[in-house]
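Student: My questions all concern the structure below.
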Ligand SMILES: Nc1ncnc2c1ncn2[C@@H]1O[C@H](COP(=O)(O)OP(=O)(O)O)[C@@H](O)[C@H]1O
Ligand SMILES: [Mg+2]
């Protein structure tokens, strides 16, 4: 049975699709068989990203880059039972699923198949509201946020279906190099929320223009390591690549045995 990683958040524009593709490619590069599912039927960013990658590979026959298999949306009409069977039958080691920044029945169902949910947050206090309603005076959690409730529902649905549990990693994306105060406040509040709301905090990503540039060619930071890609390193790429490596290590740890072992073996 494949390990399922779902990228989700109640908000758009936090880096779900970008990071989903980066993780999918990084794992595929390590020799794992990776399937990618686009659960954001309207935006289709993950699909476009991987189609751009396919086009890049077609026009650069020398480039030997890992290509996760994109599974298109034909399966969206499946019932829950069929979906269980379908997931169980996938030949992949890892399935990476991207979801929209809004509540859809499909997204809700997909969340319930996760082994691990990854939630990127933009680095602003406003974004914390998806996790919890926090009293600004005392810092106390007044009630869980909308997305925290969705994860809770997904955990219940998963437990009822197969007794399995879902890990949840929250990470900060687009960290500004300048705003040290905001960074500290965010880190502090997230640390407090983690235990209350039920997630682990993962390593974050700085604000880096490179992410926007890579999309059009369907490329990711891992591809800089393959000479055949023809990409040239700069200092900013090196730092970003390290952030990606830290994330992959962190995800492997959250997933315990399964992909941790495969990732370790493949180096
Ligand atoms: N760390 C980052 N630094 C700079 N731009 C980023 C970063 N992460 C994502 N982006 C950009 O932000 C935009 C939204 O990202 P996307 O992955 O589509 O978010 P979502 O899927 O959550 O809506 C894209 O233009 C993407 O290139
Ligand atoms: Mg998206």
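Read the figures in this text as sums done on the coordinates, not as results from a lab. Quick caveat: nothing in here was measured; it's all calculated off a predicted structure. Cβ coordinates were reconstructed from backbone atoms using ideal geometry, including for glycine residues, and neighbour counts include every protein chain displayed.
Student: Output yes when any residue across segment 87-95 is closer than 24 Å to residue 141 by Cβ, touching a residue at least 12 places away in the same chain (Cβ under 8 Å), away from ligand 2 (no atom under 16 Å from the Cβ) and touching a helix residue (DSSP H, G or I) at 6+ places or on another chain (Cβ under 7 Å), and no when none is. Show your work before the answer.
Tutor: At the first step, the residues of segment 87-95 found to be closer than 24 Å to residue 141 by Cβ are none.
No: zero hits.
Student: Still on this structure: All but one of (1) more than 22 Å from residue 217 (Cβ to Cβ); (2) out of contact with any strand residue (DSSP E or B) (no Cβ under 7 Å at 6 or more places or on another chain); (3) surrounded by fewer than 21 Cβ atoms within 10 Å (Cβ to Cβ) hold for residue 67; which doesn't?
Tutor: (1)
Student: Only one of (1) farther than 24 Å from residue 130 by Cα; (2) under 18 Å from the mean Cα position of the chain (by Cα) is not met by residue 200, so which one is it?
Tutor: Just one mismatch for residue 200, condition (1).
Student: A further question follows. Scan 65, 70, 83 and give me the residue that is in contact (Cβ under 8 Å) with a residue 12 or more places away in the chain and part of a helix (DSSP H, G or I).
Tutor: On the way: 65 fails: part of a helix (DSSP H, G or I); 70 fails: part of a helix (DSSP H, G or I).
When all the criteria are applied, what remains is 83.
Student: Checking residue 213 against (1) assigned to a helix (DSSP H, G or I); (2) surrounded by 12 or more Cβ atoms within 10 Å (Cβ to Cβ), which single condition isn't satisfied?
Tutor: Evaluating residue 213 over (1) assigned to a helix (DSSP H, G or I); (2) surrounded by 12 or more Cβ atoms within 10 Å (Cβ to Cβ) leaves (2) as the failure.
Student: Another question, then. Can you tell me how many residues in segment 6-17 are crowded, with 24+ Cβ neighbours inside 10 Å and either touching a helix residue (DSSP H, G or I) at 6+ places or on another chain (Cβ under 8 Å) or over 11 Å from residue 118 (Cα atoms) (or both)? Spell out the reasoning first.
Tutor: To start, the set of residues in segment 6-17 that are crowded, with 24+ Cβ neighbours inside 10 Å comprises 6-9, 14, 16-17.
Cutting the leftovers down to either touching a helix residue (DSSP H, G or I) at 6+ places or on another chain (Cβ under 8 Å) or over 11 Å from residue 118 (Cα atoms) (or both) gives us 6-9, 14, 17.
The total comes to 6.
Student: Taking segment 159-177 on its own, how many of its residues are surrounded by 21 or more Cβ atoms within 10 Å (Cβ to Cβ) and assigned to a strand (DSSP E or B)? Let's see the steps before the verdict.
Tutor: At the first step, the residues of segment 159-177 found to be surrounded by 21 or more Cβ atoms within 10 Å (Cβ to Cβ) are 166, 168-173.
Then drop every residue that is not assigned to a strand (DSSP E or B), which leaves 168-173.
Counting residues in segment 159-177 that are surrounded by 21 or more Cβ atoms within 10 Å (Cβ to Cβ) and assigned to a strand (DSSP E or B) gives 6.
Student: If I ask for residues that are within 15 Å of ligand 2 (Cβ to nearest atom) and either within 12 Å of the chain's Cα centre (by Cα) or not in a loop (DSSP other than H, G, I, E, B) (or both), which ones from segment 101-116 would you list?
Tutor: 106, 107, 110, 111
Student: Given the residues 60, 52, which is the only one that is more than 18 Å from the chain's Cα centre (by Cα), surrounded by fewer than 20 Cβ atoms within 10 Å (Cβ to Cβ), within 16 Å of ligand 2 (Cβ to nearest atom) and farther than 21 Å from residue 160 by Cα?
Tutor: On the way: 60 fails: within 16 Å of ligand 2 (Cβ to nearest atom).
So the residue among 60, 52 that is more than 18 Å from the chain's Cα centre (by Cα), surrounded by fewer than 20 Cβ atoms within 10 Å (Cβ to Cβ), within 16 Å of ligand 2 (Cβ to nearest atom) and farther than 21 Å from residue 160 by Cα is 52.
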